[in-house]
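So the structure is just underneath, and the comments pick up after that.
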Amino acid sequence: MKGLRGDAILASVKKPIYLDHHATTPLDPRVLEAVLPFLTERFGNAASRTHALGHAAAAAVEEARARVAALVGAEAEDIVFTSGATESDNLAIKGAAAAARGGRRHLVTDAAEHNAVLDPCRRLEKEGARLTLLPVDRFARVDPESVKAAIGSQTLLVSVLAANNEVGTIQPTAEIARACRERGVLFHTDATQAVGKIPFDARALGVDLASFSAHKIYGPKGVGALFVRKGVPLEAQIDGGGHEKDLRSGTLNVPGIVGFGAAAEICRVEMAAEGARIRSLRDRLERRLFEGLDFLTLNGHPTERLPGNLNVSIAYLEAEALMAAIEEIAVSSGAACTSARREPSHVLRATGIERDLAEGSIRFGIGRFNTAEEIDQAARRTIEQARRLRALSPLYEAAVQARKAGAPKPA
Ligand SMILES: *Cc1c(COP(=O)(O)O)cnc(C)c1O
């Protein structure tokens, strides 16, 4: 495995500080330990019911199912394993639409969703469904009253994510779920960022469908789950051997599922203490940045926010230039040009922030293995490089002069 291009890329960067945990998380070593036997001697197919290797694989899958269920407030039989949250979102939305057959054809979601929700909704719209895209407030929050107002006699499903992957804002999920239940409308939530980070109880919340992913909670990539409340009509999107109660065919990814189960169990046990620790690191980073930089604004909700999320906009600065200058610190941005699409992130645009501020946005995602030293170094480097880059900006200079003169900042 020598000579892969990735090796060369990493070798060119100083020891990286990973602060991009909304994108993915490193595998917890305890998860790796749980997975390894299923990549080697315990290789059985969980659908092979004719020998011990198959039975052992099936038993491991069921244990993992119970662990995932325990983390998300579900019963094991409500959990359908998939290849990740993208597939879960597709199964929930397209599967519900297909099961509604000639019935209700109206979908409700919001402008700050992940593309794994928006794109299936848009595809169904192309195919004739009606789609309502609710606005969000400047914190990327959906108003439950707007959900109520959008629901009509033809509404099939409402989908609002539990916590936002860019700005970390936590949605009023319980209220939205209640509004849907009272009106007899299905409610799906993409809980990929919430689960394992903040309490999430599918049954207590009263959601019908909820999506999860292992690689956002220190498990392996390529495995996820959909919670399907009993009795929710859903049509499979992948047909084949009838696995997962006919909802998702395909030989089960046993090592991935075992890893997901182990990751879920660790989160269930450690979430409260870990959340407090990560929140204090996040608050430390937030404090340092606001002390060290002027014209800095917080994106996302000031309090109703994931403990590891810090998304800020540094005015008069291009996030891309900053990220290039602090390349040993792995962060991300909602600015244009950092992703395949050339527009600033749709989430930031939905919050109504100015384009310049979107272009100066940096997302820090703090996680399980980060240390206070790493946070301090990230703060120091970010401040030092942001100041250096801004010193070259006439706009920044003008803003400083205007502030000195007591005038409002220039447009
Ligand atoms: C990461 C993420 C996804 C995609 O999950 P995959 O398992 O990578 O397909 C979907 N929704 C949200 C909110 C996410 O953060």
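Looking at the chain as a GNM with Cα springs under 10 Å, which of 298, 53, 91 has the largest mean-square fluctuation?
Of 298, 53, 91, the Gaussian network model singles out 53 as fluctuating most.
Quote the FRET efficiency, to the nearest 0.05, computed for residue 9 versus residue 148 with a Förster distance R0 of 60 Å and r equal to the Cβ-Cβ distance.
Efficiency at R0 = 60 Å is approximately 0.75.
Calculate what fraction, in whole %, of the accessible area of the chain sits on carbon and sulfur atoms when a 1.4 Å probe is rolled over the protein chains.
Carbon plus sulfur share of accessible area: 54 percent.
Which FRET efficiency value, to the nearest 0.05, is calculated for residue 384 and residue 304 with the Förster distance at 41 angstrom and r the Cβ-Cβ distance?
Working from the Cβ atoms, E equals 0.85.
Rounded to whole Hz and in sequence order, give me ³J(HN,Hα) for region 70-80 from the Karplus expression 6.51 cos²θ - 1.76 cosθ + 1.60, θ = phi - 60°, writing x for Gly and Pro.
Values, residue by residue: 5, 5, 10, x, 10, 8, 3, 6, 8, 9, 10 Hz.
When the chain is fully extended, how far beyond the present Cα-Cα distance does residue 221 get from residue 131, taking 0.36 nm per residue of separation?
29.3 nm
How big is the Kirkwood radius of the chain, worked out from every pair of different alpha carbons and given in Å to one decimal?
22.5
If exposed means no more than 11 neighbouring beta carbons inside 10 Å and the site is in a DSSP loop, what's the longest run of the chain without any exposed trypsin sites (Lys or Arg not before Pro)?
Result for the longest clean stretch: 102-229.
Identify the residues of region 347-384 with backbone N under 17 Å of a label point that sits 7 angstrom from the Cα of residue 284 along the Cα-to-Cβ direction, or state none.
364-383
Just need log10 I(q)/I(0) for region 294-400 at q = 0.14, 0.16, 0.20, 0.21 Å⁻¹, Debye formula, equal scatterers on the alpha-carbon atoms, no solvent, rounded to two decimals.
Debye curve over Cα of region 294-400, log10 I(q)/I(0) at q = 0.14, 0.16, 0.20, 0.21 Å⁻¹: -0.55, -0.72, -1.12, -1.22.
Report relative contact order for the chain in percent, whole number only (criteria: Cα-Cα under 8 Å, sequence separation at least 6).
21
Quick one: if you take sqrt(5λ) for each eigenvalue of the C-alpha gyration tensor of region 209-316, what semi-axes come out, biggest first, whole angstrom?
After diagonalising the Cα gyration tensor, the semi-axes are 39, 17, 13 Å.
Taking only protein heavy atoms into account and a 1.4 Å probe, give the accessible area per residue of the chain in Å².
Here the residues of the chain average 44 Å² of exposed surface.
Identify all lysines with a Cα-Cα distance to residue 245 below 25 Å; exclude those on the same chain that are fewer than 8 residues away in sequence.
94, 221, 230
Return the inverse of the average 1/r over all pairs of distinct C-alpha atoms in region 15-112, which is the Kirkwood hydrodynamic radius, in Å to one decimal.
Kirkwood radius, region 15-112: 17.1 Å.
Who wins for biggest fluctuation among 224, 367, 292 in a Gaussian network model of the chain, springs between alpha carbons below 10 Å?
Among 224, 367, 292, the largest GNM mean-square fluctuation belongs to 292.
Multiplying the sequence separation of residue 122 and residue 239 by 0.36 nm and subtracting their Cα-Cα distance, what value in nm do you get?
39.8 nm
The values are calculated or read from the model by the stated rules, or taken from the named source; none is laboratory data. A quick note: this is a predicted structure, and the numbers were derived from the prediction, not measured. As a convention, Cβ positions derive from the backbone with ideal geometry for all residues, glycine included, and neighbour counts pool all protein chains shown. For the accessible areas, the whole protein counts, side chains as well, though only heavy atoms, and no ligand, DNA or RNA atoms are used. Shrake-Rupley method; radii C 1.70, N 1.55, O 1.52, S 1.80 Å.
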